[in-house]
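Notes follow once the structure below has been shown.
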Amino acid sequence: MLSLGGWSVTSTAPAIRNEWTHLAAAYDPHLKTMTLYVNGDVQPTAQRRSAWKSRGAVQIGRAYARSGHTAGWAGELADIAVFDRVLVPREVSVLSTLRPIRLGYWPLDDVSDDRSPAYDEDGQELLLEGDAHLYAPDVDADPFAEPPLVGGGHLVLDGVDDRARTDAPVAVTDGSFTVAARVRLPSPTCGDRDQAVLSQAGVAASGFVIRCGSTNRWELVLSHSDNNDPQTTLVFDGEQLPSADQSGQHLAVVYDAFRNEVRLYVNGIVTATGTTTYTAGWRANGPLQVGRALHNGTFGQYLGGVVDEVRVYTGVADDTTIQRMAGRSPDPYV
């Protein structure tokens, strides 16, 4: 539309207070069109029927008018980029997705004083509690020993009070995050109770819980608040049931805060029932938990089984990255 001698385009998506939003704008000089993207989604396109060359400096957080600098921005800005060409929608979609940055990776191959180190030097250790222990066979001494799930060892939990945890939070649960682990159950069912594989605690509730549900399916539970009996969002895998397969099953969760979407992967695959909208993310400031979850201020849902290759990232891992994590060989470069 034309207004006061200028051309503009306005999104149909509302601006949301206190939430990060990715914005991108493109001008095509051949088609004479202006396009605005919000969180990777294209908005209505408008015509720009006149153009002129701006020779001044790029302004961040303000505009320039004849009267001087104006329209000062109040808020936060990040990941600013300028291109000398028109980006296609797929490129904008990639830009709007926060690339994953690893916050913690535990191969669970070594333990010292009940602590299993992170692969990265600056990563937190996992503290083994209860009777939780690592199984790390000496294949030279016993070539017929049962191999670990991945690499040189895995974590063994009894389902009663065994668990492992960090000393401080790892996942940033009120923003985009990715978490993953490989797990093997002692039997092909979850039994008659929920069993948590991974979670991160708040004060009364968990920010997320990946579990083997009492309905005998892999589930992701997301609390909407850090209170007793909070409202929750539940997604589940309706195709790949829990099993006691020797190689275990790989579980991963991806939360895209820009698109308000959460996905549960089992063995690198996400189903229709494993994807849903989630808009109630909050910061769980308690430790990362392996083998249990916090509910109504009390830890429970203890897992009986073995866990390996625990991973936590900030940002959104794509399908290819999830499939690499799901491989049976150690991959410290993911």
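Select, from Val310, Val316, the only residue that is touching a Phe, Trp or Tyr at 6+ places or on another chain (Cβ under 6 Å), β-branched (Val, Ile, Thr) and open to solvent by less than 50 Å² (accessible area, probe 1.4 Å).
Values: Val316 fails: touching a Phe, Trp or Tyr at 6+ places or on another chain (Cβ under 6 Å).
Step by step, each of Val310, Val316 is checked, and only Val310 is touching a Phe, Trp or Tyr at 6+ places or on another chain (Cβ under 6 Å), β-branched (Val, Ile, Thr) and open to solvent by less than 50 Å² (accessible area, probe 1.4 Å).
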TODO: May I ask you to verify whether Val221 is within 18 Å of Thr276 (Cβ to Cβ) and either at pLDDT 95 or above or surrounded by 22 or more Cβ atoms within 10 Å (Cβ to Cβ) (or both)?
DONE: yes
- [ ] Report, by residue number, each residue of the range 122-150 that is in contact with a strand residue (DSSP E or B) (Cβ under 7 Å, 6 or more places away or on another chain) and part of a loop (DSSP other than H, G, I, E, B).
- [x] Gly123, Gln124, Glu125, Gly130, Asp131, Ala132, Pro148, Leu149, Val150
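Among the residues of the range 245-267, which ones are crowded, with 17+ Cβ neighbours inside 10 Å and farther than 19 Å from Val306 by Cα? Even if it seems obvious, please write down each step before you answer.
Initially, the range 245-267 is screened for residues crowded, with 17+ Cβ neighbours inside 10 Å, giving 248-259, 262-267.
If the condition is that a residue be crowded, with 17+ Cβ neighbours inside 10 Å and farther than 19 Å from Val306 by Cα, then Val254, Tyr255, Asp256, Ala257, Phe258, Arg259, Val262, Arg263, Leu264 are the ones that fit.
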Open item on the list: For the range 284-316, give me the residue count where each residue is farther than 26 Å from Asp245 by Cα, within 19 Å of the chain's Cα centre (by Cα) and not in a strand (DSSP E or B).
Closed with: 6
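Here is a yes/no grid of residues against (1) closer than 30 Å to Arg17 by Cβ; (2) touching a helix residue (DSSP H, G or I) at 6+ places or on another chain (Cβ under 7 Å); (3) not small (Gly, Ala, Ser):
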residue	(1), (2), (3)
Gln43	yes, no, yes
Gly56	no, no, no
Arg62	yes, no, yes
Gly72	yes, no, no
Ser93	yes, no, no
Ser96	yes, no, no
Asp114	no, no, yes
Leu127	no, no, yes
Ala145	no, no, no
Open item on the list: Here is a check on your reading of the model: is Thr35 under 25 Å from Ala280 (Cα atoms), of a type in the set (S, T, N, Q) and either open to solvent by less than 100 Å² (accessible area, probe 1.4 Å) or in a loop (DSSP other than H, G, I, E, B) (or both)?
Closed with: no
- [ ] Would you be able to say whether some residue in the range 225-244 is in a strand (DSSP E or B) and open to solvent by less than 40 Å² (accessible area, probe 1.4 Å)?
- [x] yes
Open item on the list: Can you tell me which residue is most open to solvent (accessible area, probe 1.4 Å) among those in the range 123-138 that are over 26 Å from Arg324 (Cα atoms) and either under 28 Å from the mean Cα position of the chain (by Cα) or not acidic (Asp, Glu) (or both)?
Closed with: His133
- [ ] Tell me which residues, restricted to the range 274-286, are modelled with pLDDT of 95 or more and open to solvent by 30 Å² or more (accessible area, probe 1.4 Å).
- [x] Thr275, Thr276, Thr277, Trp282, Arg283, Asn285
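Here's the yes/no breakdown for (1) within 26 Å of Gln323 (Cβ to Cβ); (2) touching a helix residue (DSSP H, G or I) at 6+ places or on another chain (Cβ under 8 Å); (3) open to solvent by 30 Å² or more (accessible area, probe 1.4 Å):
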site	(1), (2), (3)
Val156	no, no, yes
Gly159	no, no, no
Val172	yes, no, yes
Gly175	yes, no, no
Cys190	yes, no, no
Asp194	no, no, yes
Ser206	no, no, no
Task: the range 10-22 residues that are closer than 16 Å to Ser176 by Cβ, paired with ones that are among the polar types (S, T, N, Q) (beta carbon under 7 Å, 6 or more apart) - done: Thr21/Asn39; His22/Asn39; His22/Ser96
Open item on the list: Looking only at the range 287-304, filter to residues that are farther than 27 Å from Val150 by Cα and either touching a Pro at 6+ places or on another chain (Cβ under 8 Å) or touching a residue at least 12 places away in the same chain (Cβ under 8 Å) (or both); which one of those is most open to solvent (accessible area, probe 1.4 Å)?
Closed with: His295
Open item on the list: Looking at the range 212-233, I want the residues that are farther than 15 Å from Tyr265 by Cα and have a partner that is surrounded by fewer than 20 Cβ atoms within 10 Å (Cβ to Cβ) and acidic (Asp, Glu) with Cβ atoms under 9 Å, at least 6 apart or on another chain. Which pairs are those?
Closed with: Ser214/Asp192
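The values are calculated or read from the model by the stated rules, or taken from the named source; none is laboratory data. As the structure is a computational prediction, the values presented were derived from the model and not from experiment. Counting neighbours? That spans all protein chains shown, and the Cβs are built from the backbone with ideal geometry, glycine included. Keep in mind that these areas ignore ligands, DNA and RNA; they rest on the heavy atoms of the full protein, side chains included. Shrake-Rupley method; radii C 1.70, N 1.55, O 1.52, S 1.80 Å.
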